[in-house]
Every structure is written in C-alpha cells, then in structure tokens.
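In what follows, a single structure is set out as structure tokens and then discussed.
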Amino acid sequence: MKLKKVSILITSIIIAVLFFLVLSVSFLPRTLFKEDYSTVVLDRNGRLLGAKLSTDEQWRFHPMDVVPPKFKAAILAYEDQYFYKHPGINPISIFSSLSDNIAAGRVVRGGSTISMQVIRMSRNGKERTIGQKLIESFLTIGMEALFTKDSILSLYCSNAPMGGNIVGLNAASWRYFGHAQHELSWAEAATLAVLPNSPSLIHPGKNRNLLFEKRNGLLAKLLVLNQLDSVQYQLALLEEIPKRPKPLPSVSPHLIEYLAKTNRGKIIQTTIDYDLQIIASQIANKHAANLLQNGINNVGLLIVSPVEKEILAYVGNLTSTSRNNIRDQYNDMVRANRSTGSILKPFLFASMIGEGLLLPNSLVRDIPSYFNDYHPENYNNEFVGAVPASQALSQSLNVPAVYMLQKFGTARFLNQLHKLGFTSFKRSSTNYGLTLILGGGEASLMELVNAYAGMASTLLSYDENYGEYPADAYGMLKLVLNEKNDNTDKSISTPPLTASSIWLTYDALKKVSRPESEEGWEYFSSSSNIAWKTGTSHGFKDAWAIGTTADYIVGVWAGNADGEGRTGLTGTKIAAPMMFDVFSILDCSNKFYPAYDEMVEIVVCKQSGNLASQNCNDVDTIMVALKGAESKACTYHRLIFTDTNNEYRLSQRCSPVSDMIPVSWFVLPPVQELYYQSKHPGYNTLPPYADGCEPETGSNEIEFIYPNYNSSIYVATDEKQEQCEIVFEISHHYPESTVYWHLDNKLIGITNNTHQLSHIPEKGSHVLTVVDENGNSNSVSFEVVN
C-alpha cells in the first residue's frame with residue numbers, strides 16, 4: 001500500500017513538473033529579443049568595414065554563433081560558475097546572495113544566473129522586484145527546456161549591456177578595443193566580462209579605477225581556476241583599461257552608407273577586399289594635397305575583378321584630415337552622373353569594328369568641321385587631315401570620333417550603350433546628337449567601369465568557354481558576395497560587342513599616347529599590359545581614366561562635385577596618375593588572348609588602312625573581325641597617267657598613249673590633303689598637268705571647309721546689334737588657282753592662294769558656288785538663321 005502511495009506521489013510530482021515546464025514554455029515569447037540590430041558591413045573575408053547604428057540608436061550587432069573561449073571562461077567565472085550544471089536557477093547562489101545581502105544590510109550581490117539575466121534583458125526595463133524575479137525564474141525554466149546552454153550563453157553575450165549605447169560582446173570589442181571578439185586578450189575579455197554587472201556605473205569612460213580593480217580580481221580568479229598561467233596573468237595585469245570608446249572602422253564610408261539604405265539592420269558581406277580598399281583609399285588621399293592645390297576636391301575610384309565582375313575596392317570620395325579640408329566629401333562620386341568626355345570612344349570603335357564599318361587603321365577625317373551649330377575641336381586645336389582609326393582612338397582625337405559616330409548613327413550607338421548596361425542616357429538620340437561621343441551625355445563611374453569590365457569579361461569568358469558568350473557580361477557590378485544572378489551559367493550568341501572587336505580595341509588602347517604638350521605620358525606608356533583610356537569633359541569639369549588588364553579594371557574620376565571646372569583638370573594629368581599608382585600595387589600577370597576563331601586574315605592598303613583595291617601597291621596582311629572582310633575597299637588610290645619622271649600628268653589631249661605612264665597615286669580629298677601634308681612631309685600631291693593637258697571640268701579639285709552642306713548658320717551680332725561677317729572657306733588641290741565666289745548666282749569675291757572670303761549674307765536659304773579658272777566648280781546650300 002505504501003509503495004502504491006509513493007508511486008502515485010512520484011507520478012503526481014512528474015506530472016506537476018511536466019505541467020510546470022509546459023506552462024513555462026507556453027508563456028515564453030517565441031522571440032526573446034525583438035530589438036533592431038546595427039547594419040554591419042563586412043569584406044569578402046569577414047573583416048569589418050563599418051557599421052551603422054540600429055533604429056533605436058544602439059550599437060547592437062547580430063547574435064553570435066560561437067562565444068570566444070577566453071570570454072566564455074571569464075564570464076562564467078565572474079557571473080555563473082555552475083552555468084552548465086544548474087537548470088537555469090541556482091538555489092545555492094540565491095541563498096548565498098540572500099544571506100550576504102541581509103548581513104550587509106543592503107544589496108551587495110545578486111543571485112541571478114546567466115539564464116535568468118537573459119530573461120531579464122529580454123523583458124527590457126521591467127522593475128527589479130520580488131514579483132518580477134519570480135516571473136523571470138518561471139520563464140527561465142521554460143527557456144532552459146527549449147534552448148541549449150550554448151545558445152543561452154550566446155544570447156547573453158549578444159545582448160548584455162556594455163555601457164552607454166553599446167550592447168553585446170562583439171560591439172563592445174570593437175568600440176572599446178578596436179577589433180573583433182575572437183581577437184580579445186585575457187585582460188580585454190575580463191574587462192568586458194565585468195561590465196554587464198553594472199554597466200551604468202562602471203565602463204571605460206567612467207570609474208576606471210573601480211573597473212580596473214574588478215578586472216584584476218577576475219584575472220586572479222581565472223588564475224586560481226587554471227584558465228590562464230602565471231605568465232599570461234602577469235602580462236594581462238600590465239594591459240591598460242581603455243579611456244573611452246573607439247570609433248568603429250569606416251573603411252569605405254560611402255559604400256557603407258549606400259548599403260545601409262537598402263539593407264537596414266542586416267549583416268552584409270561584400271565583395272570588397274579589405275587590404276585593397278585600404279591601399280586604394282591611401283592612394284586617393286595621397287593625391288589629395290596636389291588636387292586641392294589645383295582647386296580639385298573630389299575623387300571616385302573603383303577596382304574590379306573582370307572574371308566575376310566583383311568590386312574589390314570602392315572609394316566614394318576623398319576624406320578630410322587635419323591637413324586637408326575636403327569640400328563636398330560626403331557626395332558619393334562613384335555613383336554620381338557626370339559628363340563622360342571621351343571615355344565612350346572605345347565602345348564606338350569596337351562597335352564599328354565588329355560590324356565591319358571600320359578596320360583598325362582605316363583613315364578617318366580630321367579636319368575643321370561644322371555640323372549645323374556644332375563645331376567639335378581636338379584637345380590641341382590642331383588637325384592632321386586624315387588619321388588611322390586606331391590612332392584616333394589612342395590619341396583621343398575628337399573630330400574623327402564625331403565622324404565615326406555620324407557614320408555609325410547616333411540612335412544606333414545609343415541603343416548599343418543601353419545594351420552595355422548604361423541606364424543614365426535617358427534622352428533621345430536626336431536630343432544628344434553627335435555630342436554624345438564627346439560628353440554630351442552623363443554617366444557614373446559605376447556604369448562606366450561596369451561596361452569596361454563587361455568587355456573584359458566577354459573576352460575572358462569567350463576564351464575560357466570555347467567561344468560561348470556570357471549572358472551577364474554587362475549585368476551590374478557585384479557588391480554583395482555570392483549574390484545570385486538570374487543569367488548565371490547561360491550564354492548568348494549575339495553579344496553587344498564581339499570578342500574579336502574587343503581584342504582589336506584593346507590592341508589600340510595599349511598604344512595610348514599623348515602629344516608632348518601633355519607632360520608625363522611617356523611614363524604611362526611603359527605600362528604596355530594595360531589597355532587604358534582617359535576622358536575630359538568640356539570646361540575641364542571631369543577627368544576620367546579607366547584601365548583594363550585580364551586581372552583588374554581600375555576606374556578613376558576626379559573633379560568637383562559642384563561642377564566647378566579647373567584649368568588643367570584633364571584625364572591624363574589628374575586621373576591617370578592615380579590610376580597607374582593603383583596598378584603599380586596590383587599583380588597583373590595574366591593576359592588577354594586574341595579570339596582567332598572569330599577573326600579572318602585580309603589584305604589591306606597600308607596607306608588607307610582599308611581593304612586593298614587593285615590600285616593599292618603597298619599592302620599588308622592583318623587579322624580583323626569576321627565582318628571586316630566585307631568592308632569597303634580603298635578609294636584613295638587613283639590611277640593617273642604621267643610622264644616618265646612623274647613630274648606632270650598627261651592625258652590623250654596632249655600626249656600619245658605610248659608616252660603615258662600609268663601610276664597609282666594616293667590622293668586625299670582637298671581639305672584632308674591640306675592638313676595631312678603639313679604633318680606628313682612624305683605625302684606627294686598630284687603632279688600638275690603638262691601644258692595642253694587641262695584637267696577635266698567638274699573633277700573634285702575643290703572642297704568646302706565652311707559652310708557645310710545643308711547646314712544652318714547662326715549669325716552673331718556685335719555690340720551695335722549689327723550682323724558680323726561670315727568667313728567662307730574652301731580647299732583647292734592647286735591653291736595658286738584663282739577662284740570666283742558666287743552667292744545665289746551673284747559674284748561676291750575673288751581669291752587666290754588663300755581661299756577665304758568674308759561676307760554678310762541675308763537671313764534665309766542660299767547657294768554658294770565657287771568656280772576656278774579651269775572651270776572646276778563646287779556648290780553648297782545653307783541657311784542663315786538669326
């Protein structure tokens with residue numbers, strides 16, 4: 001009978017205990033801590049780049065998975081030695097604290113276990129009364145039933161108050177000691193272990209002596225518990241208590257600010273390489289003194305891996321120091337849209353190469369030109385008449401680029417830019433016009449580097465994937481590590497730019513040079529493995545430099561965020577030195593390889609760069625993009641007839657056929673010839689006709705320089721509001737010829753040698769006709785607009 005009663009009693013106790021556990025679990029909140037966390041930004045290896053306060057203005061990092069061994073030993077020794085042995089409540093500890101408090105007549109110690117403290121912290125601000133203590137004990141039992149001891153300890157370490165607005169071990173490690181929790185020394189771990197006990201009374205900025213004593217007391221206890229040896233103990237005693245909280249790292253402040261806007265309260269592991277970021281920032285700030293002396297305040301800099309298109313370094317701007325005060329330093333110049341200057345030219349060159357509209361050394365016009373009210377000029381205000389396309393690109397000549405865009409088509413090029421990932425070009429092609437290639441539109445450094453990286457990625461992927469093109473080559477640059485892309489592992493057959501056209505573009509960009517008037521370019525040209533391009537916007541407001549290797553893309557912008565221009569603010573003088581300083585610390589040992597299976601061998605004319613015609617004597621064999629084989633043949637070589645010494649031209653009017661020597665002669669149009677021969681002493685103009693061998697009337701001996709065909713002319717007025725004269729100009733194969741000028745069939749002037757004529761035409765449409773003494777003529781229609 002007694003056994004039966006005992007059995008019933010035991011069963012009742014078990015049921016009661018189980019009921020108590022179920023009840024305590026049911027009252028336990030599903031989420032103990034609902035507070036927001038700080039936004040934490042990490043580099044690709046988990047190193048802290050920076051953080052932002054939580055919404056309640058606390059430095060509260062996300063819960064940790066593993067508590068560092070040193071801190072674990074310290075906190076257990078100080079707060080709860082029997083943590084892994086009791087069920088959440090330690091009766092012995094409660095009885096001891098009660099006895100000590102009664103004996104002292106005041107509260108000298110608490111009896112709460114770590115588990116009970118977790119519950120108290122989760123209930124946030126409840127009064128510390130006996131009733132609340134009983135509730136905490138009740139909930140603690142439920143928590144112990146649901147959570148492992150390690151999980152409970154992790155919750156404690158992540159949410160313990162550490163003084164001021166610092167919450168949790170990880171945040172405290174950074175704020176007080178400047179490094180992560182797993183790097184804590186014994187002295188640092190002991191310091192942080194005693195803080196949660198009375199964080200409002202004791203912290204590094206307040207009552208430091210008392211904190212020092214408590215820390216050393218805990219170190220002595222750890223020594224007794226054999227958690228550290230005597231040498232470690234003595235060394236720990238020598239460490240100082242921090243004077244005040246340290247600022248958190250802010251390695252890339254503009255990037256952190258950007259990510260915090262869309263990832264509030266999250267941990268973001270970026271693609272940034274911490275060491276590269278530090279070096280890139282140092283290089284940018286090293287140039288700050290020189291820039292500021294020239295009135296240049298702002299910089300943007302990116303380093304990107306072309307294979308995965310990951311951003312490795314992100315410098316949004318210069319930062320102020322005690323020596324330098326940076327204006328507009330908070331503006332993120334990596335994302336700011338700025339005038340592109342000449343930095344888009346490689347995309348046009350590659351597009352035309354890929355479409356067979358251009359061969360690498362095809363001659364392009366470089367002459368004074370007027371496109372309605374648009375009058376582009378080269379940076380040196382000189383013209384060479386005609387220039388190979390690759391040389392026009394490497395020397396960044398503006399006029400040839402405009403003629404190339406005119407041939408390719410503005411609408412077509414704008415569409416191509418959209419395919420390359422640009423989103424900032426929102427206006428119509430008509431609105432941009434031909435200015436698009438010279439900075440008429442705006443783009444950010446992010447978009448530009450993205451497009452340059454897309455070119456590199458395309459060429460690398462084509463080589464590695466046996467001729468397949470990646471679909472995401474021009475998808476936006478990656479900032480978050482392991483960020484998924486919907487186009488991953490897909491390929492496309494018609495990319496915006498072909499591998500062969502990219503290779504030929506890089507070949508031209510590796511030969512970038514500048515005239516001697518731009519000092520220092522000889523230094524840069526030694527970097528033969530870098531395909532690089534600079535750009536300068538109108539008014540010297542923006543300086544660009546972007547360089548590409550098979551390992552890295554480096555992009556730099558420099559200027560003033562408020563748009564103020566500065567004399568000398570050019571891509572070559574300001575942005576390029578910074579870019580090459582970055583490349584000097586990078587390992588760029590890999591190379592691009594030609595896409596030979598996407599290229600064809602053709603015979604070209606050496607002088608014109610076009611497909612060789614039957615009249616081309618001096619030819620060369622080169623590799624070009626497949627469609628290059630369909631390009632136009634050379635039209636510059638003309639078959640003429642001369643005497644035996646090639647001194648005079650002959651015709652059947654003055655000479656028997658037997659005396660006429662056929663000669664293939666390289667002939668440029670008159671205006672191009674005028675400027676070409678001044679830069680090319682070896683160029684031979686057409687020989688004059690022998691007496692009696694007059695040229696055929698109507699041959700192309702005359703070409704208009706100004707006005708252009710069907711152009712609109714805006715006539716300026718002087719201070720008296722009277723119309724200023726317009727200067728008409730032509731080029732003639734034989735400058736000594738006499739030329740008669742007719743406007744609307746009325747003679748308005750005669751010129752000889754220098755063929756320029758000033759005149760004030762009336763408003764409206766006109767036809768200007770010029771005729772020389774031999775009957776050669778040319779006409780142009782134009783309109784005068786007020």
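The values are calculated or read from the model by the stated rules, or taken from the named source; none is laboratory data. None of the values given here were measured: they were computed from a predicted structure. Don't worry about glycine lacking a Cβ; one is built from the backbone with ideal geometry, like all the others, and counts go over all protein chains shown. Note: accessible area is taken over every heavy atom of the protein model, side chains too, but ligands, DNA and RNA are not part of it. Shrake-Rupley method; radii C 1.70, N 1.55, O 1.52, S 1.80 Å.
Observations on the model:
- For Lys261, the conditions (1) within 23 Å of Glu310 (Cα to Cα); (2) surrounded by 15 or more Cβ atoms within 10 Å (Cβ to Cβ); (3) out of contact with any helix residue (DSSP H, G or I) (no Cβ under 6 Å at 6 or more places or on another chain); (4) of a type outside the set (S, T, N, Q) are fulfilled apart from (2).
- Within region 297-338, if we keep just the residues that are surrounded by 24 or more Cβ atoms within 10 Å (Cβ to Cβ) and of a type in the set (D, E, K, R), the residue that is modelled with the highest pLDDT turns out to be Arg338.
- Ile141 vs. criteria among the aliphatic types (A, V, I, L, M), in contact with a helix residue (DSSP H, G or I) (Cβ under 9 Å, 6 or more places away or on another chain) and open to solvent by 10 Å² or more (accessible area, probe 1.4 Å): yes
- Top-ranked residue of region 173-187 - restricted to ones that are touching a residue at least 24 places away in the same chain (Cβ under 8 Å) and either closer than 18 Å to Asp65 by Cα or in contact with a strand residue (DSSP E or B) (Cβ under 7 Å, 6 or more places away or on another chain) (or both), ranked as most open to solvent (accessible area, probe 1.4 Å): His182
- Residue satisfying all of: in region 745-762; in contact (Cβ under 8 Å) with a residue 24 or more places away in the chain and outside any strand (DSSP E or B); most open to solvent (accessible area, probe 1.4 Å) among these: Asn745
- Subset of region 309-338 (residues that are without any contact (Cβ under 8 Å) to a residue 24 or more places away in the chain and small (Gly, Ala, Ser)): Ser320, Ser322
- Entirely in region 339-452, the helices (runs of 4 or more DSSP H) that have 3 or more residues that are without any contact (Cβ under 8 Å) to a residue 40 or more places away in the chain and open to solvent by 20 Å² or more (accessible area, probe 1.4 Å): 410-419, 429-432
- Region 453-490 - residue that is of a type outside the set (A, V, I, L, M, F, W, C), surrounded by 15 or more Cβ atoms within 10 Å (Cβ to Cβ) and more than 29 Å from Glu257 (Cα to Cα) and, of those, modelled with the lowest pLDDT: Asp463
- Residue list for region 551-569, restricted to those being open to solvent by less than 20 Å² (accessible area, probe 1.4 Å) and part of a loop (DSSP other than H, G, I, E, B): Asn560, Leu569
- If you filter region 583-599 down to residues that are small (Gly, Ala, Ser) and open to solvent by 20 Å² or more (accessible area, probe 1.4 Å), you find that the one that is modelled with the lowest pLDDT is Ser589.
- Qualifying residues in region 608-623 (those that are assigned to a loop (DSSP other than H, G, I, E, B) and in contact (Cβ under 8 Å) with a residue 60 or more places away in the chain) - the one most open to solvent (accessible area, probe 1.4 Å): Asn610
- Evaluating Gln721 against the criteria (1) assigned to a strand (DSSP E or B); (2) free of Cβ contacts under 8 Å to residues at least 24 places away in the same chain leaves one unmet condition, (1).
- Condition check for Leu626: under 16 Å from Leu357 (Cα atoms), open to solvent by 60 Å² or more (accessible area, probe 1.4 Å), touching a strand residue (DSSP E or B) at 6+ places or on another chain (Cβ under 9 Å) and not charged (D, E, K, R): yes
- Within the set Val739, Val770, Val727, the sole residue that is of a type in the set (A, V, I, L, M, F, W, C), assigned to a strand (DSSP E or B) and touching a residue at least 40 places away in the same chain (Cβ under 8 Å) turns out to be Val770.
- Every listed requirement among (1) in contact with a Gly (Cβ under 8 Å, 6 or more places away or on another chain); (2) open to solvent by 30 Å² or more (accessible area, probe 1.4 Å); (3) closer than 24 Å to Phe383 by Cα is met by Glu673 save one, (2).
- Of the criteria (1) within 16 Å of Leu184 (Cα to Cα); (2) hydroxyl-bearing (Ser, Thr, Tyr); (3) outside any helix (DSSP H, G or I), which one Ser250 fails: (1)
- From the list Ile268, Ile241, Ile278, the lone residue that is β-branched (Val, Ile, Thr) and assigned to a helix (DSSP H, G or I) is Ile278.
- Residue in region 702-714 that is more than 30 Å from Tyr683 (Cβ to Cβ), assigned to a loop (DSSP other than H, G, I, E, B), in contact with a Leu (Cβ under 9 Å, 6 or more places away or on another chain) and at pLDDT 85 or above present: no
Here is a yes/no grid of residues against (1) within 21 Å of the chain's Cα centre (by Cα); (2) under 25 Å from Phe580 (Cβ atoms); (3) not polar (S, T, N, Q):
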position	(1), (2), (3)
Asn290	no, yes, no
Ile296	yes, yes, yes
Thr319	yes, yes, no
Met333	yes, yes, yes
Thr340	yes, yes, no
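- Sole residue being modelled with pLDDT of 90 or more and surrounded by 15 or more Cβ atoms within 10 Å (Cβ to Cβ), chosen from Leu235, Leu195, Leu276, Leu211: Leu276
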